[in-house]
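Q: What follows is a single structure, and I will ask about it in a moment.
Please treat every number below as a calculation from the coordinates, not as lab data. Being a predicted model, the structure only gives us computed values, none of them experimental. Cβ coordinates were reconstructed from backbone atoms using ideal geometry, including for glycine residues, and neighbour counts include every protein chain displayed.
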Amino acid sequence: MVRPSLLLALLITVWVCAAPARADPLLERFERWMGRHGRLYADAGEKQRRLEVYRRNVELVERFNSMGNGGYRLADTRFADLTNEEFRAKMLGLGPRSRAGRTTAPSTVIRVASGLAGDFSDLPKSVDWREKGAVAPVKNQGECGSCWAFSAVAAMEGVNQIKNGKLVSLSEQELVDCDTVAVGCAGGYMSWAFEFVMKNRGLTTERNYPYQGMNGACQKPKLKESAVAISGYVNVTASSEADLLRAAAAQPVSVAVDAGSFVWQLYGGGVFTGPCTTELNHGVTVVGYGETQEDADGDGGGTPGQKYWIVKNSWGPEWGEAGYIRMQRQAGAADGLCGIALLPSYPLM
Ligand SMILES: *[C@@H]1O[C@H](CO)[C@@H](O)[C@H](O)[C@H]1NC(C)=O
């Protein structure tokens with residue numbers, strides 16, 4: 001007969017021998033991250049592969065942050081287990097994707113001389129439509145290229161609150177399913193969404209036609225259950241941050257940006273200064289603008305007097321600054337940082 005204490009000793013020996021020779025210091029952090037973002041993997045092999053991607057991203061984050069680049073931070077966001085290629089394929093969605101996986105360019109971008117020298121004296125120094133109750137909680141497009149719908153919906157929610165005093169969360173899924181000019185999760189443009197809502201004489205609520213994160217059959221009866229209607233929309237003059245500022249002082253504005261790089265994927269807060277291109281691939285919404293105070297958060301970081309746009313994204317509230325990104329304004333190029341001034345538009349009511 002084996003004594004229980006001996007059995008225990010035997011078991012401990014077996015366990016110790018089966019454990020890896022050196023514990024992976026990142027594994028615990030990765031598992032905490034998995035818990036935080038509700039991540040589950042199919043098997044141990046996939047988990048190991050994701051851990052290696054996570055490791056490379058964490059190294060990137062730490063190297064970037066230690067250089068103190070431009071006053072913003074990277075973090076192990078909810079996209080930290082994706083390679084940049086995977087991230088680009090999943091999380092964008094401006095413009096219909098062609099078979100080659102490329103985004104087709106918008107048919108016309110009207111370029112006008114730079115408006116950086118515009119007269120801003122009659123505009124407030126800062127505007128935050130969130131403080132005025134014109135911005136719904138941050139939403140999450142999931143793995144669906146429906147950013148165009150989220151961008152347009154946020155602009156419509158904004159103008160409706162400003163005109164009618166009521167914040168009504170509106171349906172992206174109605175646009176994804178029913179706008180036949182766009183191609184649902186395979187992409188679209190905000191102008192197409194506005195044109196759909198004009199033709200349909202309105203858009204229903206999020207509650208009535210909730211988001212699914214995938215293409216579905218258009219629920220035709222709900223097309224008639226309109227909650228908010230628009231009378232038209234305006235394309236802001238391209239390449240004029242002055243015109244964008246004037247528009248954003250009046251209401252939230254749909255804009256397009258290049259959000260494909262790893263610095264968007266891993267953005268953790270602060271005034272974003274790039275790098276990025278002006279090849280537009282993502283729709284977001286400007287919900288205000290401002291300027292950094294002298295060391296506002298007292299951490300000695302950031303540059304005082306830095307002008308920024310307040311941009312609402314649709315990647316959930318865990319990304320960036322509670323789902324928002326502050327993007328440098330008047331960064332020096334007429335097209336704006338990441339092309340933010342290339343394709344702005346806003347709905348009329
Ligand atoms: C806005 O611009 C798009 C092209 O980018 C164009 O198709 C659309 O007709 C324009 N709409 C208005 C109202 O000017």
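Q: If I take the Cα coordinates of segment 135-253 and project them onto the principal axes, what are the three extents in Å, biggest first?
A: 41, 30, 27
Q: Please identify every one of the trypsin sites (Lys or Arg not before Pro) in segment 201-263 that sits in a loop by DSSP and has no more than 10 other beta carbons within 10 Å of its own beta carbon.
A: Filter output for segment 201-263: LYS224.
Q: Separate question: What is the ratio of the Cα radius of gyration of segment 25-67 to 2.2 N^0.38 Å, with N the residue count, to two decimals?
A: Relative to the rule-of-thumb radius for its length, segment 25-67 sits at 1.22.
Q: A follow-up question, please. Name the residues whose placed amide hydrogens come within less than 5 Å of the amide hydrogen of VAL228, ignoring near sequence neighbours (fewer than 5 apart) on the same chain.
A: Long-range HN contacts for VAL228: LEU203.
Q: Now, a different point. Compare the Cα positions of LEU60, LEU27, GLY45 along the charge dipole of segment 25-67 (+1 at Cβ of Lys, Arg; -1 at Cβ of Asp, Glu; about the Cα centre) and return the one farthest towards the positive end.
A: Positive-end residue among those listed: LEU60.
Q: Dipole of segment 117-212 (Lys/Arg Cβ +1, Asp/Glu Cβ -1, origin at the Cα centre): which of THR205, ALA193, ALA152 lies farthest to the positive side?
A: THR205
Q: Once the Cβ-Cβ distance between GLU225 and SER66 is put in as r, and R0 is 41 Å, what FRET efficiency do you end up with, to the nearest 0.05?
A: The formula returns an efficiency of 0.15 here.
Q: Please give me the summed charge of the neighbours of LEU203: other residues whose Cβ is under 13 Å from its Cβ, Lys and Arg +1, Asp and Glu -1.
A: Its environment carries a net charge of -3.
Q: TYR41 to GLU131: FRET efficiency via 1/(1 + (r/R0)^6), r the Cβ-Cβ distance, R0 51 Å, to the nearest 0.05?
A: Step by step, r from the Cβ atoms, then E = 0.80.
Q: Sequence-distant or interchain residues sharing an amide H contact under 5 Å with ASN215, placed H: which?
A: CYS185
Q: A further question follows. Hey, what do the phi angles of segment 266-282 turn into as Karplus ³J(HN,Hα) couplings, whole Hz, using 6.51/-1.76/1.60 and θ = phi - 60°, x for Gly and Pro?
A: 10, 5, x, x, x, 7, 5, 10, x, x, 7, 9, 10, 7, 5, 9, 8
Q: Using a 10 Å cut-off around each Cβ, can you sort SER239, SER169, SER66 from fewest to most neighbouring Cβ atoms?
A: SER66, SER169, SER239
Q: Considering Cα pairs under 8 angstrom that are at least six residues apart, work out the relative contact order of segment 201-349 and quote it in whole percent.
A: 31
Q: Using Cβ counts within 10 Å as a stand-in for footprinting exposure, how do ASP122, ASP24, ASP76 rank, fewest first?
A: ASP122, ASP24, ASP76
Q: While we're on this one: Taking the beta-carbon count within 10 Å as an exposure proxy, list SER121, SER261, SER231, SER126 from fewest neighbours to most.
A: SER121, SER231, SER126, SER261
Q: Same structure, new question: Take the Cβ-Cβ distance between GLN293 and MET198 as r, set R0 to 45 Å, and report the resulting FRET efficiency rounded to the nearest 0.05.
A: 0.65
Q: Follow-up. Non-local amide H neighbours of LEU170 (under 5 Å, H modeled in plane, Pro and chain starts lacking H): which ones?
A: GLU206
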